[in-house]
1. Let me know the Rg and Dmax you get for segment 106-230 when you use only its Cα atoms, in Å.
2. How much mean residue ellipticity at 222 nm does the chain get from its helices, if each DSSP H run of length 4 or more adds -39500 (n - 2.57) and you divide by all residues, to the nearest 500 deg cm²/dmol?
3. Taking Cα centroids, how far is segment 80-117 from segment 134-189 in Å?
4. In Å and from the alpha-carbon atoms only, list the Rg and Dmax of the chain.
5. Between beta-carbons, use under 9 Å as the cut-off and find the net charge around Lys6, counting Lys and Arg +1, Asp and Glu -1.
6. What is the gain in length, in nm to one decimal, between Arg114 and Val230 on full extension, counting 0.36 nm per residue of separation less the C-alpha to C-alpha distance?
7. Can you compute 3J(HN,Hα) from phi for each residue in segment 53-59, using the Karplus curve 6.51 cos²θ - 1.76 cosθ + 1.60 with θ = phi - 60°, rounded to whole Hz and x for Gly and Pro?
8. Indicate, rounded to the nearest 5 percent, the antiparallel portion of the DSSP beta bridges found entirely in the chain.
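Since every read-out is calculated from the coordinates, none of them should be taken as a lab result. Please read these numbers as outputs of a predicted model, since none were measured by experiment. Here Cβ is always computed from backbone atoms with ideal geometry, including for glycine, and neighbour counts include all displayed protein chains.
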Amino acid sequence: MRRSVKVLLTGATSLPGLTLLERLLENHEVRCLVRPDSPNLSRLERSRTEIVHGDAGDEASLVRALTGMDAVAHVAGLAFAPQVVAAMRRAGVERLLMVGSTSVHSAFEHRSGRRKEMEKLVRESGLAWTIARPTMIYGSELDRNMRHLLRFLDRSPVFPLFGTGTNLWQPVYHEDLARGMLAALENQSAVGRSYDLPGAAPLTYRDLILTAAGALGRKPHIVHLPLEPVRHALALAERARLPLPVKSEQVLRLREDKAYPYGEAREDLGYKPRPFREGIALEAARLREIRMVRP
Ligand SMILES: NC(=O)c1ccc[n+]([C@@H]2O[C@H](COP(=O)([O-])OP(=O)(O)OC[C@H]3O[C@@H](n4cnc5c(N)ncnc54)[C@H](OP(=O)(O)O)[C@@H]3O)[C@@H](O)[C@H]2O)c1
């Protein structure tokens, strides 16, 4: 699909959506489906893209937005897969890039269960689908993860680390992800395939913290805190049916390795993400520029 096509993009106001939008606009016409009450609409102000109001959870508004489109890049969330698939069938649009998450591989039901169901629905949709699964996304003040970590490391000389810190992470820089997603959408051989799109290589949580701190020129004192007593207390409270903000399973998930090979993406899509050290240095520089962290 390297020829120019008309793409309906959902989730354009999120970090992965915005970066994908920039890449898409280099070669395609893009219409963005945005909630009328989106607090982030101003992020699209400078893009030469068409904006239509609608809700990804509302099939009728999706069908309207699909008029004249050739493809869908659905970034707004796997949970809307039933509405997206149904609307595409009704509108006669076949090509779908569905953005999921590598959390689908988690051994923990609360992370993976629903995602597995949604991916199955996409695979059985009869559409020309491709599923792209990012790991944790980072790289700008708009990310949901690393900017908090960087700001904390900027302010605190001490870092409390729950557990051993030996579990693996493989966050993906937003621009590498956007290139991977674009290739997944444009490549005919990607139809009917699912791709994990992680960063270049896994690193331990402890190394991730130290690398992020290094990007700020800091060297925190790491204090190890045991994970097991926290999990144990939560498990007891769950058995007593007390309402809790986190589940013991979620604490256990902190110990789960989140490392993923990406040979298929490399071969089919030319996917070549950068190492965390490089990506986090770019994010630190950006946060310095906008004074979110000290110069
Ligand atoms: N963040 C990560 O580290 C991560 C990791 C793996 C996978 N992902 C996947 O990447 C995608 C974006 O994630 P994110 O974390 O960046 O999420 P986010 O910041 O919550 O963004 C969600 C996006 O979807 C839009 N949206 C939400 N509900 C909608 C609805 N009912 N109708 C239309 N648009 C709607 C939001 O628009 P508004 O401007 O209206 O809020 C926003 O643009 C998701 O598919 C997520 O599963 C994210």
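1. Expressed in Å, the Cα Rg and Dmax of segment 106-230 come to 17.9, 54.
2. Working: 11 runs with 117 residues, N = 295.
Using -39500 (n - 2.57) per qualifying helix, the result is -12000 deg cm²/dmol.
3. 22
4. Answer for the chain, Rg first and Dmax second: 20.1, 59 Å.
5. Details: positive: Arg31; negative: Glu29, Asp70.
Within the 9 Å Cβ shell, the charges total -1.
6. Details: separation 116, 0.36 × 116 = 41.76 nm, distance 2.61 nm.
Computed gain between Arg114 and Val230 is 39.1 nm.
7. The phi angles translate into 7, x, 10, 5, x, 10, 4 Hz.
8. Working: 2 of 36 bridges.
DSSP beta bridges in the chain are roughly 5 percent antiparallel.
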